[in-house]
Structures are given as C-alpha cells and as structure tokens.
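Notes to accompany the following structure.
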Amino acid sequence: MKRKLSGIKPTGEVTLGNYLGAMRGWADGQEGNENFYFLPNLHALNIRPNPTEVRNNTYAAAAWLVAMGVDPKLSAIYIQSQIPAHTELTWVLNNYVTMGELSRMTQFKDKSQKGGAEGQVVGLFEYPVLMAADILLYDVDEVPVGEDQKQHVELTRDIATRFNNLYGDTFKVPVPTIQKEGARIMDLLNPEKKMSKSDADASGCIMMTDSPDLMSQKIKRAVTDSGSSVATADDKPAITNLLVIYSLVTGESMAALEQRYAGVGYGQFKADLAEAVVEHLTPIQARYQATLEDQDGLRAILEQGRAKAAAVAEPKLVEVYEKIGMIR
Ligand code: AQP
C-alpha cells in the first residue's frame, strides 16, 4: 500500500493539460492505496483572485476530480484552507529553506517575470514552502505531478531531509512520479509554452468545459510545424504535442498513429483529433455537470475528505511542534 497525494489549484478552469498530465493518473491505482487529492485554494491567493471566482473554481475542481474518476470512497478529496495545519507547518518549514533555494525555482522566475513588480508577492515566492507542508503533513510515498511541479517536490525532499537530520525521523521523504507521456501538454498556439489554466488568452488552451464546437475550432486552428508529415520530432513540437494528445485520448500508440497518418495531410489529422478529443471528454463533462449540480453531495464528499485528511495532518503537526519545542 502506498500513500499518494496531489492537488489541483483553483486558479481558473481546469485544462486538458491538467487532465492528461496529472489528474487522469490520479484516478488510476487508487485501489489498495491511500490517496489524498486536494484543492490548494491557498496557493491560488498569489494571483489575488476574485473571491467568487476562486470559491466557484474550488467547487468546480472538486467536481472535475470526481468526474475524472477520483473515487471519494478510495480517496480523500478536501479543501486546503479547511485544514489549518497546512499554514501552521508552512511557518515552521520557512526556517528550513533559504531565500536562495526559493529564488531558484523556475515557476517563481517565470511567474514573477510575467507579473512585473506588482506580481512579485511573497505568497508566490513562498509557494514551494506551502507545497512542502501540503505534502509532508501526510507522510506521502508518491506525489504524482506534471513535469512543471517536479522541482517543487524535489525541494520538498530537501526540506524533509534537512529537518529529519536535525530532529530525527519526522517526515517521509516523498518521490515525485511523472507520467511518461503527456507530462507537459503544450499550448496549441504556442508549443513552446505549456497549456495553463490561468492564461489570460485561452485560445490555445482546451478548457475541460469547452463545448465540442469550441474544442474542434481550437484544434483546427492549432499551429503546425513546417513540412506536412504527421510525425514526432524534436523540431516538430506542435505536431508532436497534437500526437501526444491523440495518443492519450484514444490509447493508440504514437507509432501506430504515425503509421496511420503517413501521407495524410494536417487537415484530416486535426479533424480526426478533434473528434477523438470530443468523444473522450463528452462523458466526463456529463459526469462533471451532474456532480456540480448536486451541491449537497459535493459538500458531503468534501467534508468526508476534510475529516480523513485532518486525522492524518493534525497529529503530524503536533509531532513537529513537540520536536522543535513549541508549547501548544
Ligand atoms: N500543460 C500541462 N501539461 C501537463 N501537466 C500539467 N499540469 C499543469 N499544466 C500541465 C499538472 O496539473 C497538475 C495540477 O496543476 P496545478 O493546478 O496545481 O498547478 P500548475 O502546474 O501551475 O497548473 P496550471 O494549469 O499551469 O495553473 P496556473 O495557470 O494557475 O499556474 C499538476 O500536477 C501540474 O503539474
């Protein structure tokens, strides 16, 4: 039995990238494991979200988890801000990580550059420390994430090891697990950039709530590379991205797809891909709608998840406080 934990930040609508790169994998392998899948709403604060939007996005992301197959009977689904141990442990861990380490985080560098001086809030800088607390409270074995989050899990490992060396075994040192395919789904209009839910311009981003027509339109307008062959290559990032998406939604191997589309133009390939994406997502969208509409049911799932998570997180915080001499 393994303990697994991961989260989806309610900063916007969930994207096909979130789904294919991470969330879909969370639904696999729940049986026989102890799973914690949470909504890190405190992590969303660094963009100072609109209160109504962040609240709605939190419920929506929870409904997506259920729709994508995360089973509340097998996994705790919970809201980060409902478990104060996350923020309390963050304050403690702040003292076991340096400014230099946090400055080297790629996500901080990217996002602080985009946001200008105004966007460089301490919450953005602190993000990896809160994430370390999210993970270390639960003695997790595995953290299944997309490629973009790997560096943060590695920092979490360093913080845990440092703390354990000082105070004796306290935290389990977690391992990031990254899917081979789809770990980084790229923007359809700019294949150099990953698909992101908080992007101001969503035209290159497939949102899980997009209508079939809008999804098809976005796929048909996706940029392609020079030449016309439907094949993966380092110098063909756009078509490689589309092939990865195709392969993940149909279960067909990349090699089989390349063979099928040998000599077939980009137009036909994109039309078929659009159809495959719509076919794959339609039943998930229906489950999402039903889950979201049943507000009482969703709240009950979140309450059950909160209780399960708090029962693990709170004793861990007490253990940490005792070790470092805090009187509670
Ligand atoms: N484009 C992507 N391809 C593959 N995996 C991805 N993930 C995110 N984007 C892609 C993975 O989805 C999980 C949940 O992500 P998150 O919401 O916690 O944070 P994020 O990585 O910052 O995702 P976004 O969509 O880019 O959000 P914003 O725009 O708010 O920053 C993670 O496991 C992530 O790796």
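The values are calculated or read from the model by the stated rules, or taken from the named source; none is laboratory data. Since the model is a prediction, treat every value here as computed from it, not as a measurement. Neighbour counts run over all protein chains shown; Cβ positions are idealised from the backbone, glycine included. These area figures cover heavy atoms from the full protein model, side chains too; ligands, DNA and RNA do not enter into them. Shrake-Rupley method; radii C 1.70, N 1.55, O 1.52, S 1.80 Å.
Values as computed for the structure displayed
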{"read-out": "Over the chain: helical MRE at 222 nm, DSSP H runs n ≥ 4 each giving -39500 (n - 2.57), nearest 500", "value": "-17000 deg cm²/dmol"}
{"read-out": "Distance between the range 206-226 and the range 282-328 - C-alpha centres, whole angstrom", "value": "34"}
{"read-out": "Neighbour-limited loop hits for GluC sites (Glu not before Pro), the range 24-113 (at most 12 other Cβ within 10 Å; DSSP other than H, G, I, E, B)", "value": "E31"}
{"read-out": "Farthest toward positive dipole pole in the chain [+1 Lys/Arg, -1 Asp/Glu at C-beta], among I135, M195, T282", "value": "I135"}
{"read-out": "Ordering of 117-123, 70-76 by burial proxy (mean other Cβ atoms within 10 Å per residue, highest first)", "value": "70-76, 117-123"}
{"read-out": "For Y78, net neighbour charge (Lys/Arg +1, Asp/Glu -1) across residues whose Cβ lies under 9 Å away", "value": "+1"}
{"read-out": "Pairwise label distance in nanometres, S103 with V173, each label 7 Å out on the Cα-Cβ vector", "value": "2.6"}
{"read-out": "5 Å-binned pair-distance histogram of the range 156-230 (Cα, whole percent)", "value": "3, 13, 14, 15, 11, 9, 7, 8, 8, 6, 4, 1"}
{"read-out": "Relative contact order of the range 13-135, defined on C-alpha pairs under 8 angstrom at six or more residues apart (%)", "value": "31"}
{"read-out": "Whole-number accessible area per residue in Å² for the chain, which is evaluated in the context of all protein chains at 1.4 Å", "value": "45"}
{"read-out": "FRET efficiency estimate (nearest 0.05) - Cβ-Cβ, D235 to S81, R0 56 angstrom", "value": "0.80"}
{"read-out": "Fraction of accessible area attributable to carbon and sulfur, the chain (%, probe 1.4 Å)", "value": "51"}
{"read-out": "Contour minus Cα-Cα distance for D28 and R55 (0.36 nm per residue)", "value": "7.0 nm"}
{"read-out": "Separation of the E192 and D296 label points, Cα + 7 Å toward Cβ, nm", "value": "5.4"}
{"read-out": "Assigned charges on the beta-carbon of Lys, Arg, Asp, Glu; the range 110-246 dipole about Cα centre (debye)", "value": "220"}
{"read-out": "Fraction of beta bridges assigned by DSSP in the chain that are antiparallel (%, nearest 5)", "value": "10"}
{"read-out": "Chymotrypsin sites (Phe, Trp or Tyr not before Pro) restricted to the range 246-322 and DSSP loop, no more than 15 other C-beta within 10 Å", "value": "none"}
{"read-out": "Neighbourhood charge, 11 Å Cβ-Cβ cut-off, centred on L45 and excluding it, Lys, Arg +1 and Asp, Glu -1", "value": "+1"}
{"read-out": "Degrees, to the nearest 10: 51-67 long Cα axis against longest axis of the chain", "value": "70"}
{"read-out": "Förster-model FRET efficiency, 30 Å R0, V121 and L166, C-beta, rounded to 0.05", "value": "0.50"}
{"read-out": "Where N is the number of residues in the chain, Cα Rg divided by 2.2 N^0.38 Å", "value": "1.03"}
{"read-out": "Normalised contact order of the range 141-234, rounded percent, pairs of Cα under 8 Å and 6 or more residues apart", "value": "23"}
{"read-out": "Helix axis angle, 266-293 relative to the chain longest principal axis, alpha carbon, degrees", "value": "40"}
{"read-out": "Fully extended contour minus Cα-Cα distance, from D110 to L214, at 0.36 nm per residue", "value": "34.6 nm"}
